[in-house]
Every structure is written in structure tokens, then in C-alpha cells.
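One structure is given below, encoded as C-alpha cells.
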Amino acid sequence: MRVALLSDVHANLTALEAVLAALPSVDELWVMGDTVGYGPDPSEVLALLQARNAYLVAGNHDRAVATGEGLELFNPVAAEAARLHVQWLGADERASLAALPLTATRSGVTLFHGSLREPLWEYVFDAAAAAPTLRLSTTARLCCGHTHMAALFQELPDGRVVARAARDGDRDPLVAKTIINPGSVGQPRDHDPRAAWALLDTEDGVVFRRTAYDIAATQERMRARGLPSFLVERLAVGV
Ligand code: ZN
């Protein structure tokens with residue numbers, strides 16, 4: 001089975017459209033949370049993912065926009081964007097975000113946004129943070145998001161956990177127990193502003209990909225909708 005792994009689309013419709021256009025044929029599309037927040041087009045992104053039958057889990061931004069939960073923990077610009085999204089989305093759209101699961105298992109792969117200890121909030125940036133989640137998992141493959149950094153975290157046969165950043169074209173056969181973070185479609189933070197995603201082949205492993213998109217078009221749309229300029233500018237540099 002082939003699956004497109006997407007995360008942290010963050011209402012960036014132009015980036016999502018570019019990624020969907022770049023995808024080879026896949027059997028499923030999995031999204032590890034933060035479909036909304038930060039960007040200009042939350043309704044359109046939700047509709048497009050629904051039209052493509054994507055399977056979504058909840059991110060902290062999804063939950064904050066849906067219910068207000070955790071909004072007080074956001075930095076001021078993230079909170080401002082989330083409050084705008086609350087205004088822009090309809091009650092039915094917010095209800096569908098509120099109903100997203102915190103964790104899920106699809107075809108023997110565990111999906112979540114942050115970690116298994118704290119699905120909405122914990123950042124798995126390094127091996128120390130990855131280790132408890134790898135230990136908690138009953139599946140050999142896991143997928144997360146939240147950090148906006150494409151990476152692999154693997155438990156070696158001797159029990160050590162290693163972390164590795166993933167660049168465009170990097171592959172892994174997934175022999176070890178592994179957490180895959182495909183990076184962020186809509187707001188990458190590893191200094192490569194191209195949209196990040198990954199292709200999981202359950203027979204063959206994972207390959208990480210980057211796709212260029214019209215960043216200026218997203219920025220124009222963000223300015224038109226009154227989003228904070230810090231959020232507009234960071235897209236061009238990928239931070
Ligand atoms: Zn995010």
C-alpha cells in the first residue's frame with residue numbers, strides 16, 4: 001500500500017494543491033494534524049482534504065480553533081490567527097475539527113500530532129523525546145507532525161534511539177521501529193521553504209519529498225485576510 005504522509009498544512013491551500021499535484025498515485029492520504037491555524041484558507045483546505053478522502057488526526061491548532069482548548073498557551077500571533085479562523089469557519093467545520101481523533105491506527109501504523117504521551121502538545125524534536133513514544137507504541141511504524149521538521153526517530157536493536165533530520169530525496173527502508181515526521185506542508189521551519197511531505201510504501205519504506213509552490217500567492221492571500229505579518233514573512237525563509 002502507498003500512502004501520502006502530510007502534516008501541518010496550516011490552511012495553506014496553494015502549498016497543499018502543489019503537493020497533491022506532485023503526488024504519485026497513492027491508496028490513502030494521512031494528515032497528522034494542524035490542518036488549520038496560521039494560514040489564509042482553512043475552509044478550502046478542509047474541503048479539499050475531505051474531497052480527497054484524507055484521513056485526519058487532531059493537532060493543537062485544530063483543537064484550539066474548534067473548541068478554544070489550549071488557546072491560552074499559544075504565542076500572540078498564533079492566537080490571533082486561530083481567532084480569525086474561528087470567525088471564518090462555520091459551526092459544522094469546527095464540529096468536524098472537534099471530532100478528530102487524538103491518535104489512530106491505520107493499516108498497522110500509529111498516527112498522532114505531537115507524541116503518544118501528549119498527542120496534541122509534546123514536541124518530538126530529538127531522541128530523548130522520541131524514546132517514550134517508541135516504547136509506548138504497539139506498532140512498529142508511527143507518524144507524527146507538530147515540529148514542522150522532517151525527521152526519522154528509530155529504536156535500534158540494542159534499544160538505543162537515534163534521530164535524523166530528513167532532506168528531499170532521503171529514504172529509509174523502515175527495518176527498525178520508527179517514527180516518521182514528514183515535515184510541514186504549509187509552514188516548514190527547517191530553512192527550506194518548499195512544502196514538505198513523505199511517501200510511505202508499506203512494502204518498501206519511506207521517501208521524503210519537497211515541493212516548490214507559489215509562496216508569494218499565499219503571502220498575498222494572508223495579507224488580504226489580515227493575518228499577522230510575522231506569519232506572512234516566515235513562509236519565504238522556511239522558519
Ligand atoms: Zn503546526
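The values are calculated or read from the model by the stated rules, or taken from the named source; none is laboratory data. What you see is a predicted model; the values in this text were computed from it and never measured. All Cβ positions, even for glycine, are placed from backbone atoms using ideal geometry, and neighbour counts span all protein chains on display.
Can you pull out the residues in region 14-44 that are in contact (Cβ under 8 Å) with a residue 60 or more places away in the chain, within 16 Å of the ligand (Cβ to nearest atom) and part of a helix (DSSP H, G or I)?
Once the filter is applied, which keeps residues that are in contact (Cβ under 8 Å) with a residue 60 or more places away in the chain, within 16 Å of the ligand (Cβ to nearest atom) and part of a helix (DSSP H, G or I), region 14-44 yields 15, 16, 19.
At pLDDT below 95 and either aromatic (Phe, Trp, Tyr) or part of a loop (DSSP other than H, G, I, E, B) (or both) - does that describe any residue in region 184-203? Break it down into steps so the answer makes sense when it comes.
Restricting attention to region 184-203, the residues satisfying the condition of being at pLDDT below 95 are 202-203.
Right, trim to either aromatic (Phe, Trp, Tyr) or part of a loop (DSSP other than H, G, I, E, B) (or both) and you get 202-203.
Yes.
Here is a check on your reading of the model: is residue 218 of a type in the set (Val, Ile, Thr), in contact with a Ser or Thr (Cβ under 7 Å, 6 or more places away or on another chain) and either surrounded by 20 or more Cβ atoms within 10 Å (Cβ to Cβ) or over 29 Å from residue 1 (Cα atoms) (or both)?
The answer is yes for residue 218.
Give the number of residues within region 144-159 that are touching a strand residue (DSSP E or B) at 6+ places or on another chain (Cβ under 9 Å) and either among the polar types (S, T, N, Q) or free of Cβ contacts under 8 Å to residues at least 24 places away in the same chain (or both).
Residues meeting the conditions: 3.
Which numbered condition trips up residue 70, out of (1) over 19 Å from residue 20 (Cβ atoms); (2) among the small types (Gly, Ala, Ser); (3) within 16 Å of the ligand (Cβ to nearest atom); (4) in contact (Cβ under 8 Å) with a residue 60 or more places away in the chain?
Exception for residue 70: condition (4).
(1) away from the ligand (no atom under 16 Å from the Cβ); (2) assigned to a helix (DSSP H, G or I); (3) out of contact with any strand residue (DSSP E or B) (no Cβ under 9 Å at 6 or more places or on another chain): which one isn't true of residue 117, the others all being true?
(2)
Please give the number of the condition residue 157 fails out of (1) outside any strand (DSSP E or B); (2) closer than 21 Å to residue 35 by Cα.
Residue 157 satisfies all of (1) outside any strand (DSSP E or B); (2) closer than 21 Å to residue 35 by Cα except (2).
Could you tell me whether region 168-183 includes any residue that is buried (at least 18 other Cβ atoms within 10 Å of the Cβ) and part of a helix (DSSP H, G or I)?
No, region 168-183 has no match at all.
In the list 83, 94, 141, which residue meets the criterion of being modelled with pLDDT of 95 or more, within 23 Å of residue 200 (Cβ to Cβ) and surrounded by fewer than 24 Cβ atoms within 10 Å (Cβ to Cβ)?
Selected residue: 141, the only one of 83, 94, 141 that is modelled with pLDDT of 95 or more, within 23 Å of residue 200 (Cβ to Cβ) and surrounded by fewer than 24 Cβ atoms within 10 Å (Cβ to Cβ).
What tally of residues in region 50-59 results from selecting those that are within 15 Å of the ligand (Cβ to nearest atom) and assigned to a helix (DSSP H, G or I)?
Within region 50-59, residues that are within 15 Å of the ligand (Cβ to nearest atom) and assigned to a helix (DSSP H, G or I) number 0.
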